Amino acid sequence: MPASDYSFLKLPRTLEDLQILRDHLESYTSDYTAQVLIGYSMVYIFMQTFMIPGTVFMSLLAGALFGIFKGVALVVFTATAGASSCYFLSKLIGRPLVFSLWPDKLSFFQAEVAKRKKRLLNYMLFLRVTPTLPNTFINVASPIVDVPYHIFFLATAIGITPAAFVTVRAGIALGELKSVGDLYDFQSIATLFLIGAITVTPTLIGSKGE
């Protein structure tokens, strides 16, 4: 990239930070698409791997820079890769951290996973689509409660797509956002819960039939 004042290159913590970043990167993105994609992907995956807050701003940025279809694909790819990295990191060293930070949530999650072994993918999809449990917790706790990686991967890649669509679409109209809370109005949350209910229904029916 050409010489510039790179003080604008920082992790966005507010919508104002994000708008400044968007304004500077827009011209770069058309001329240096590969560099921006690689840089964006590395930052998003790093944040997901080490549970650094602020990925919602990165998802908004994807919409602002790349549009809705490319933006959603980019967010789903980087979020899934970052969640996978977090999964394997937690598998290696995360057990003490999870037990100390979220003992109650871990007990609940472990019991729910044990009850739904036969239809675990549906349950994990439900968790990804709805805000029932924080995504960060799911990433770290899944290997601890023996969620197989292939189920974790599929549930992540498919389940985060609706929320990614909502956020990326909002990023296209970044200037109209007053706060991050504007992303998730009643209609958006209701839609996510409806999708979540559809994904978990086979699990509930199976539990009653057993």
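The values are calculated or read from the model by the stated rules, or taken from the named source; none is laboratory data. From a predicted model like this one, the values you see are computed outputs, not experimental measurements. Reconstructed Cβ throughout: ideal geometry from the backbone, glycine too, with neighbour counts over all protein chains shown.
Per-structure values
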{"item": "Check on Ser84, within 14 Å of the chain's Cα centre (by Cα) and closer than 21 Å to Gly54 by Cβ", "result": "yes"}
{"item": "Single unsatisfied condition, Ser107 versus (1) in contact (Cβ under 8 Å) with a residue 40 or more places away in the chain; (2) part of a helix (DSSP H, G or I); (3) not aliphatic (A, V, I, L, M)", "result": "(1)"}
{"item": "Filtered residue count, region 131-153, keeping only those that are in a helix (DSSP H, G or I) and closer than 19 Å to Thr49 by Cβ", "result": "10"}
{"item": "Residue within region 68-78 that is of a type in the set (D, E, K, R), more than 22 Å from the chain's Cα centre (by Cα) and part of a helix (DSSP H, G or I) present", "result": "no"}
{"item": "Where a residue in region 1-17 is assigned to a loop (DSSP other than H, G, I, E, B) and its partner, wherever it lies, is modelled with pLDDT of 85 or more and among the aromatic types (Phe, Trp, Tyr), with Cβ under 7 Å and at least six apart", "result": "Met1/Tyr28; Met1/Tyr32; Pro12/Phe57"}
{"item": "Given (1) under 20 Å from Ile52 (Cα atoms); (2) modelled with pLDDT of 95 or more, index of the condition Phe109 fails", "result": "(1)"}
{"item": "Selection from region 46-62 of residues that are touching a Ser or Thr at 6+ places or on another chain (Cβ under 7 Å) and assigned to a helix (DSSP H, G or I)", "result": "Met47, Gln48, Thr49, Val56, Ser59, Leu60"}
{"item": "Filter result for Arg128 (over 22 Å from Gly54 (Cα atoms) and in contact with a Gly (Cβ under 8 Å, 6 or more places away or on another chain))", "result": "no"}
{"item": "Hey, Thr136 closer than 22 Å to Ala170 by Cβ, in contact (Cβ under 8 Å) with a residue 60 or more places away in the chain and surrounded by fewer than 21 Cβ atoms within 10 Å (Cβ to Cβ) or not", "result": "yes"}
{"item": "Every pair of residues 6+ apart whose Cβ atoms lie under 6 Å, when the first sits in region 146-171 and is crowded, with 17+ Cβ neighbours inside 10 Å while the second is outside any helix (DSSP H, G or I)", "result": "Phe152/Ser142"}
